[in-house]
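Okay, so here's the structure we're looking at.
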Amino acid sequence: TREDLSIFVLDCDYGLGVITKGTPENKLEYSKQEIDNFSYRDLEKDRTRLLNLKDAGYLDKFVKSFINSN
């Protein structure tokens with residue numbers, strides 16, 4: 001729900017969540033009740049979209065763009 005945070009998860013080992021200031025790539029529109037009722041099965045069905053999952057190689061691209069923007 002935050003308009004000021006960019007969030008993604010790297011698909012490596014157990015995953016690595018990255019949260020930075022910035023504009024989100026996409027937003028998930030779920031109510032608190034829907035989130036409270038999510039199960040692991042729901043995550044399995046739509047893991048890539050729900051986690052904004054990126055391959056491990058994305059980290060290099062992200063770090064370079066982050067450094068260049070500051």
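Relative to the first principal axis of the alpha-carbon coordinates of the chain, what is the inclination of helix 58-69, with its axis defined by its Cα atoms, in degrees from 0 to 90 and to the nearest 10? For 58-69 against the chain, the angle is about 60 degrees. Only protein atoms count toward the accessible area here, which uses a 1.4 Å probe; on the chain, the carbon and sulfur part of that area reaches 52 percent. Calculated FRET efficiency, Leu59 to Lys27, Cβ-Cβ distance, R0 = 22 Å: about 0.45 to the nearest 0.05. Counting only Cβ charges, +1 for Lys and Arg and -1 for Asp and Glu, the dipole size of the chain around its Cα centre is about 160 debye. Whole-Hz Karplus values for the range 24-35 come out as x, 5, 7, 10, 9, 9, 10, 7, 4, 5, 4, 5 Hz, taken residue by residue from phi with 6.51 cos²θ - 1.76 cosθ + 1.60 and θ = phi - 60°; glycine and proline positions read x.
Our summary gives the chain a relative contact order of 35 percent, counting only alpha carbon pairs under 8 angstrom and 6 or more residues apart.
For n ≥ 4 DSSP H runs only, could you compute -39500 (n - 2.57) per run for the chain, divide by its residues and tell me the 222 nm figure to the nearest 500? All intermediate terms of the calculation are to be shown ahead of the outcome.
Numbers: 4 runs with 28 residues, N = 70.
Dividing the helical sum by the residues of the chain leaves -10000 deg cm²/dmol.
The values are calculated or read from the model by the stated rules, or taken from the named source; none is laboratory data. Given the structure is predicted, the values throughout are model-derived calculations rather than measurements. A quick note on method: Cβ atoms are made from the backbone with ideal geometry, for glycine too, and the neighbour counts reach across all protein chains shown. Remember, those area values only see protein heavy atoms, side chains included, never the ligands or the DNA or RNA. Shrake-Rupley method; radii C 1.70, N 1.55, O 1.52, S 1.80 Å.
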